[in-house]
Every structure is written in structure tokens, then in C-alpha cells.
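The values are calculated or read from the model by the stated rules, or taken from the named source; none is laboratory data. Just so you know, these numbers come straight off a predicted model, no measurement behind them. A quick note on method: Cβ atoms are made from the backbone with ideal geometry, for glycine too, and the neighbour counts reach across all protein chains shown.
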Amino acid sequence: MQQIKGAVLKSRLGYIEEHFGKDAVARVLDALPPDDQRSLKLVFTSNWYPFAVGKRLDDAIVQVLGGGKTEVFEKLGEASAVKNLGSLHAGYLTRGDAHGFLAKAPQIYAAYYETGRREYQRTGDRSATLTTYDAETFSAPDCLTVVGWYKKALDMCGVPNAKVRETECRANGGAVCRYEISW
């Protein structure tokens, strides 16, 4: 069973509280099954949690706060990058070296997800592709957080205005999740 680090869940809940308020966190949690509510009341960043709990949390965020729209997840990914790369995982950042940072994608993926892998491919002096393989579970909102996370992470490396596009998504019928990156 695919699992994700508590840091992923904690980032989502922190983003909701910061941008929508504590009452919004309560409303989102109330939209979840009782077992998920208990799991999410106290999240430990280094613990593993079932990906399914994260997917149900994402669905509740879309339902309660997004009016059925998933755009909030790219912003959530940016906030997650700031929080995690500003402290716990700051060592991944490579100032002024986008390729140096993106080459760490396999290690970064393994820090957040228990199964599957993400590969980096340099496609030009100012472009690269990241491809996620073999994840047991996946969701379109989670992929949008990856887009926002990498945009912000590159900005934190001193590479502003990077473009990150998901060109293939398993949640939409693709064989992999693929992200084309340019700067």
C-alpha cells in the first residue's frame, strides 16, 4: 500500500489554516470519515500515512474550499516547498543550479513517498523532465502540488519564473506522471 510522509499532510493542513483559517481546517476535517479525522488531528511529519488518507483529504479540500476546483493545490505545493525546503530539507537546494537541484528528484521523491520512483532527465541547458514511475496510487490534486512545489523550489534555488507543466498524468489515463520543466 502506497504511503506518504506526514510532512505532506501537515503541509496541506497548515496551508488551509494559514490561508483560510482554523475554522476551515475544522470544516475540511468534518467532511472526512471518522478514522481519517482521528488520523489527521495529530500528524507527525516523519511518520508514514496511507496515501488514501491524503487523497481523501485532497478531495475534502476540493469539496469544502475549492468549490469543486483543484487550482488550490498548486499554491499548496508552493507553500509546502517553502515550509519543507526552508527547514527540514534545506540541504536539497542548490543555489543557482537548477539541474543540480532537479538531479536530486529521486532522493526528494523517496523522502515523501514510500513506493514508486521519480527520474530526472536533462533535456537541454535550461530544461529537464521529471517522470514518476510505479507509484501504487496517484491523484490529479497531488500532481498539481508537485507542479507548485517544483516551481517554488526552483525559485528558492535562485531560478525564478520556472515553468513546470504536467504533460502526462496517471490520474488522467497516462502510463506515468511526467513534468516538463524549463527556465
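Name the single residue, out of those in the range 110-119 being assigned to a strand (DSSP E or B) and surrounded by 16 or more Cβ atoms within 10 Å (Cβ to Cβ), that is nearest to the chain's Cα centre (by Cα).
TYR113
Name the residues in the range 68-93 that are in a loop (DSSP other than H, G, I, E, B), among the polar types (S, T, N, Q) and surrounded by 13 or more Cβ atoms within 10 Å (Cβ to Cβ), would you? Give the derivation first.
Taking the range 68-93 as the starting set, the residues that turn out to be in a loop (DSSP other than H, G, I, E, B) are 68-71, 86-89, 93.
The next check asks that each one be among the polar types (S, T, N, Q); those that pass are 70, 87.
Residue satisfying the conditions is THR70 alone.
When you check GLY54 against the structure, is it surrounded by 14 or more Cβ atoms within 10 Å (Cβ to Cβ), in contact (Cβ under 8 Å) with a residue 40 or more places away in the chain, outside any loop (DSSP other than H, G, I, E, B) and touching a strand residue (DSSP E or B) at 6+ places or on another chain (Cβ under 6 Å), yes or no?
yes
Taking into account only those residues within the range 120-143 that are in contact with a helix residue (DSSP H, G or I) (Cβ under 6 Å, 6 or more places away or on another chain) and over 15 Å from GLU180 (Cβ atoms), which is surrounded by the most Cβ atoms within 10 Å (Cβ to Cβ)?
Only one residue fits best here, namely PRO141.
Take the conditions outside the structural domain of GLY54 (by TED's automatic domain parsing), modelled with pLDDT of 95 or more and either of a type outside the set (Gly, Ala, Ser) or surrounded by fewer than 21 Cβ atoms within 10 Å (Cβ to Cβ) (or both) and apply them to VAL176. Does it pass?
Yes; evaluated as a whole, the condition is true for this residue.
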